[in-house]
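Report on one structure; see the data block that follows.
Just so you know, all these numbers are worked out from the coordinates, no wet-lab data involved. The structure presented is a predicted model; accordingly, all values stated were derived computationally and were not measured. Virtual Cβ from ideal backbone geometry, glycine too; neighbours counted across all protein chains shown.
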Amino acid sequence: MGIVVQKFGGTSVADSKKIKNVANAVIKEYKNGNQVVVVVSAMGHSTDYLINLAGEITQKPDNREMDMLISSGEQVSMALLAMAIHEAGYPAVSLLASQVGILTESVHNRARIIDVKTEKLEKHLSENKIIVVAGFQGITKEGEITTLGRGGSDTSAVALAVALKADRCDIYTDVRAVYTADPRYVPKASRLEQVSYIEMLELARVGANVLHPRSVETANQFNVPMRVRSSFYLDDPGTLIIGVEDMEIYRPVNGVAADKSQVRIAILKVPDQPGIAARIFGALSKNNISVDMIIQSLEEDNANNIAFTVDETDLNSTLSILEEVRMNLGAKEIVVDNDIAKISIVGAGMIDRPGIAASMFEALAEQNINIKMIATSEIKISCLVEKERAHEAVRALHSKFELDDENAEADKVKL
Ligand code: ADP
Ligand code: ASP
Ligand code: MG
């Protein structure tokens, strides 16, 4: 007997029938003698629906009010799941993050969890209740509601698992496992029985949105055994995410991903002097904008061009901050390129192995796909390409690095 945290994503709780299916999965774990804490996302695409509604009212919604709005989706699914568990004859209680005490920093829309109180959870567990917690949301010490960023319920689940010292954290979703690429557009994606935290973290950061990056970061930090598995095939063990030292197989590239949610911004002809990059990126970081790829190239007349990418949701705020910096620096102009996708290869086995970057560029050249920008880290290489060729590029890289599974299971994704 131990504590198990189970997280069910939006597609797993999309309608009442699916919520009943989730109730069965929860009860199965409870009947095995475990104490069960369940984290749920909002039903289906209801978070998107709420975001679109806000967009019909204003193009610049207040961040606090946005959190008040989008945190509501999880309240619906948690109450319905608790009811479904009651209906099946088992005890359950649903709790909002504010009721549990999931404390976050005072930042709206992408807050980080700083503490999880366990008193209330332990009390309900000691009364043998199944606890259903609303994912994605938190509360600041001032009592303000926050959200953790899109896909953040995974992180709620891992944070609860850490706080409760849970034996397992199972992330149930609409795919049967983590694959070497998104099975929606790479039919030959192969299943990963295991993947290391560091590779999974990189994959999640570069667009494999099967897991929220911060959930993997936290699981790695606290060594939480984490699994990605299917809500629709409960006997499938899915993928285990573990420390790299415990990995059995190494290959130079273990996954390929695309991120189509970035934009590239270039600031042209900035003076070639010390401190310029610090001013540009300092202004962005002060406003909580994360910058991804950065490239600086020397222009003539002691001037540089600096190009970088940000998430498209940060485009408007980036442009207004940058315009002020541009004027102060006397830079020529700001140029935006929306037609980009970042494609990346990830693998712990690429460390100290030469030729991986060359093979990546070769695979893209073979398809006549132009590279707009390149960035590398120890276990990842990313290239910016034209948006509409992103999936084709991922498939080409997947084949190049011999990740194709010719006998891949057909029912990887449950729609
Ligand atoms: P949930 O609502 O359960 O949180 P998500 O949509 O956030 O589900 O994540 C599941 C989706 O992640 C899958 O449907 C799949 O299309 C996508 N995905 C992207 N990359 C991968 C990958 N490498 N392996 C498995 N799924 C992936
Ligand atoms: N409902 C939130 C979202 O759609 C959180 C989540 O699903 O993890 O982003
Ligand atoms: Mg998700």
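Only a single criterion out of (1) crowded, with 23+ Cβ neighbours inside 10 Å; (2) aliphatic (A, V, I, L, M); (3) more than 16 Å from ligand 2 (Cβ to nearest atom) is not satisfied by residue 164, namely (1).
For the range 375-387, the tally of residues that are in contact (Cβ under 8 Å) with a residue 40 or more places away in the chain and either in contact with a Phe, Trp or Tyr (Cβ under 8 Å, 6 or more places away or on another chain) or not in a strand (DSSP E or B) (or both) stands at 3. Take residue 97 and decide whether it is small (Gly, Ala, Ser) and touching a Gly at 6+ places or on another chain (Cβ under 6 Å). Yes: the conditions hold for residue 97. Taking every residue in the range 87-109 that is over 17 Å from residue 156 (Cβ atoms) and pairing it with any residue that is of a type in the set (Phe, Trp, Tyr), at least 6 positions away or on another chain, the pairs with Cβ-Cβ distances below 7 Å are 90/30. Inside the range 20-46, residues that are assigned to a helix (DSSP H, G or I) and surrounded by fewer than 23 Cβ atoms within 10 Å (Cβ to Cβ) make up a count of 10. Taking the numbered list (1) within 13 Å of ligand 1 (Cβ to nearest atom); (2) crowded, with 19+ Cβ neighbours inside 10 Å; (3) polar (S, T, N, Q) in turn, residue 209 passes all entries but (2).
Candidates in the range 1-19 are the residues that are crowded, with 21+ Cβ neighbours inside 10 Å and in a strand (DSSP E or B); of these, the one that is farthest from ligand 3 (Cβ to nearest atom) is 4.
Within the range 125-167, the residues that satisfy the criterion of being charged (D, E, K, R) and either within 16 Å of ligand 1 (Cβ to nearest atom) or under 16 Å from the mean Cα position of the chain (by Cα) (or both) are 150, 154. The C-beta contact set for the range 53-79 (first residue more than 17 Å from residue 96 (Cβ to Cβ) and without any contact (Cβ under 8 Å) to a residue 60 or more places away in the chain, second residue surrounded by fewer than 14 Cβ atoms within 10 Å (Cβ to Cβ) and of a type in the set (Gly, Ala, Ser), distance under 8 angstrom, 6+ apart or interchain) comprises 61/55.
Rundown of residues vs (1) part of a strand (DSSP E or B); (2) aliphatic (A, V, I, L, M); (3) free of Cβ contacts under 8 Å to residues at least 40 places away in the same chain, yes/no style:
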{"position": "172", "(1), (2), (3)": "yes, no, no"}
{"position": "181", "(1), (2), (3)": "no, yes, no"}
{"position": "184", "(1), (2), (3)": "no, no, no"}
{"position": "187", "(1), (2), (3)": "no, no, no"}
{"position": "195", "(1), (2), (3)": "yes, yes, no"}
{"position": "199", "(1), (2), (3)": "no, no, no"}
{"position": "202", "(1), (2), (3)": "no, no, no"}
{"position": "209", "(1), (2), (3)": "no, no, no"}
{"position": "214", "(1), (2), (3)": "no, no, no"}
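Being in contact with a helix residue (DSSP H, G or I) (Cβ under 6 Å, 6 or more places away or on another chain), part of a loop (DSSP other than H, G, I, E, B) and more than 10 Å from ligand 1 (Cβ to nearest atom): is that true of residue 234 here? Answer is yes for this residue.
Can you find, within the range 377-404, the residue that is nearest to the chain's Cα centre (by Cα) among those that are among the polar types (S, T, N, Q) and more than 12 Å from residue 342 (Cα to Cα)?
Of the residues in the range 377-404, the ones among the polar types (S, T, N, Q) are 377, 382, 399.
Filter again for more than 12 Å from residue 342 (Cα to Cα), leaving 377, 399.
Details: 377: 19, 399: 25 Å.
For the range 377-404, the residue satisfying everything is 377.
Of the residues screened, residue 297 is not one that is surrounded by fewer than 16 Cβ atoms within 10 Å (Cβ to Cβ), free of Cβ contacts under 8 Å to residues at least 12 places away in the same chain and more than 19 Å from residue 383 (Cα to Cα). Exactly one residue among 174, 170 is among the acidic types (Asp, Glu) and within 11 Å of ligand 1 (Cβ to nearest atom), and that residue is 174.
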